[in-house]
Amino acid sequence: MRMTFRWYGEGNDSVTLEQIKQIPGVEGVVWALHHRQAGEVWPEEEVMEVKKQADAHGFHLDVVESINVHEDIKLGKASRDEYIENYKISLRNVAKAGARVVCFNFMPVFDWTRTDLFKELGDGSTALFYEKSKVENMDPDELIKQTTDSGYTMPGWEPERLKTIEDSFRAYETVDEEQLWKNMEHFLLEVLPVAEEEGIKMAIHPDDPPWSVFNLPRIINSESAIERYLSISDSPSHCLTLCSGSLGANPENDIPHIIRRFADRIAFAHIRNVKTYDNGDFIETSHRSRDGSVPIDDVVRAYHEAGFKGYVRPDHGRHLWDEDCRPGYGLYDRALGIMYLWGLWDAYELEKRKGVG
């Protein structure tokens, strides 16, 4: 596996490239032009500026997360073709900086949903928390306010995007899951030929959480949904970002099994743990298997058995030792997570050399 670390860019992240460089085994940063809104072209000069910054620290920019898909594309509006053409230009421009994977999602309105960004755990650390009954009974505006009050820009919750939130909700009243599937297929069949030309794998991220929120359609949320998604095209650029935390919020999703089944189509792996509750709540925990409900040890074993050579990053971490950071994206716990993942991987490598297991 090839270890990476998500970085939000100079002046937009509490974590520096100098700090990331000190985490063993990290070879690249997962990046984006976060100031660019969905539908805008990513200019070549801005892309190359990020490359210059990464090159100075010996990092590659193989993985982009994310070139966001404009809402008009998801809705299937007449204006979508303009935004799809812009997306193609952006793909060509990131390829010039060495991009090999573009992680994206097709979640309507909200990229992800949590009800508490700093829920305290028993050890005094805090983490992202989802309270199901609260979501079912709260107004979306209330959720928007508490999510954007962290002091950091949050991907998927950009102020410009949220200005039209009421219009977006109204628009989705006529778009059900089947229509969303059709709109996604149209987008993919347009962009995959360009991605293939540029040597880029388009790797969709599952819905987070993997069920409907505020009655919005969600479609990438289970093994059967992944199977349907991957059947859309046999292009080598048609791939998956397997997020153990997003899918793992639903206990019915067997993450190690999903990895073993679709390993050859996984271009990018987000590895994180969540503790789930019978009432539908879940909270993000340390990466350690016993701290949550996702068997991270078996998740890594599944990748190891598959000879996975794709990109991996530790996903959301807890907030430790009074660190002031973007919710879920501090330095300390993600660095601890990397060392746990490497420890598992190295143990499985040793087993393999000794003929054990």
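Approximating the spin labels as points 7 Å out from Cα along Cα→Cβ, the Glu45-to-Glu305 distance works out to 5.2 nm. For Cys243, Cys325, the sequence from fewest to most other C-beta atoms within 10 Å is Cys325, Cys243. List the lysines whose Cα sits under 28 Å from the Cα of Lys132, skipping any in the same chain fewer than 8 residues away. Once the sequence-local lysines are set aside, what remains near Lys132 is Lys74, Lys119, Lys145, Lys163, Lys275. Toward the positive end of the charge dipole of the chain, with +1 on the Cβ of Lys and Arg and -1 on the Cβ of Asp and Glu, the farthest Cα among Tyr83, Thr126, Pro295 is that of Pro295. Near His60, the amide H atoms lying under 5 Å from its own belong to Gly28, Val29; only residues 5 or more places off or on other chains count, and H is placed 1.01 Å from N. The Cα trace of region 2-354 gives Rg and Dmax of 19.0, 60 Å, the first to one decimal, the second as a whole number.
What percent antiparallel are the DSSP beta bridges of region 2-354, to the nearest 5? Don't skip to the answer; put the middle values down first.
Working: 9 of 36 bridges.
The answer is about 25 percent antiparallel.
Using Cβ point charges alone (K and R +1, D and E -1), the dipole size of region 2-354 about the Cα centre works out to roughly 1060 debye.
Ranked by the mean number of other Cβ atoms within 10 Å of their residues, highest first, the peptides 120-126, 226-232, 282-288 come out as 282-288, 226-232, 120-126. Mind jotting down the distance between the C-alpha centroids of region 33-72 and region 231-255, whole Å? Cα centroid of region 231-255 versus Cα centroid of region 33-72: 24 Å apart.
FYI, it's all coordinate maths here, none of it is from the lab. Values in this document were obtained by computation on a predicted structure and should not be read as measured data. Positions of Cβ are backbone-derived with ideal geometry, glycine not excepted, and every protein chain shown enters the neighbour counts.
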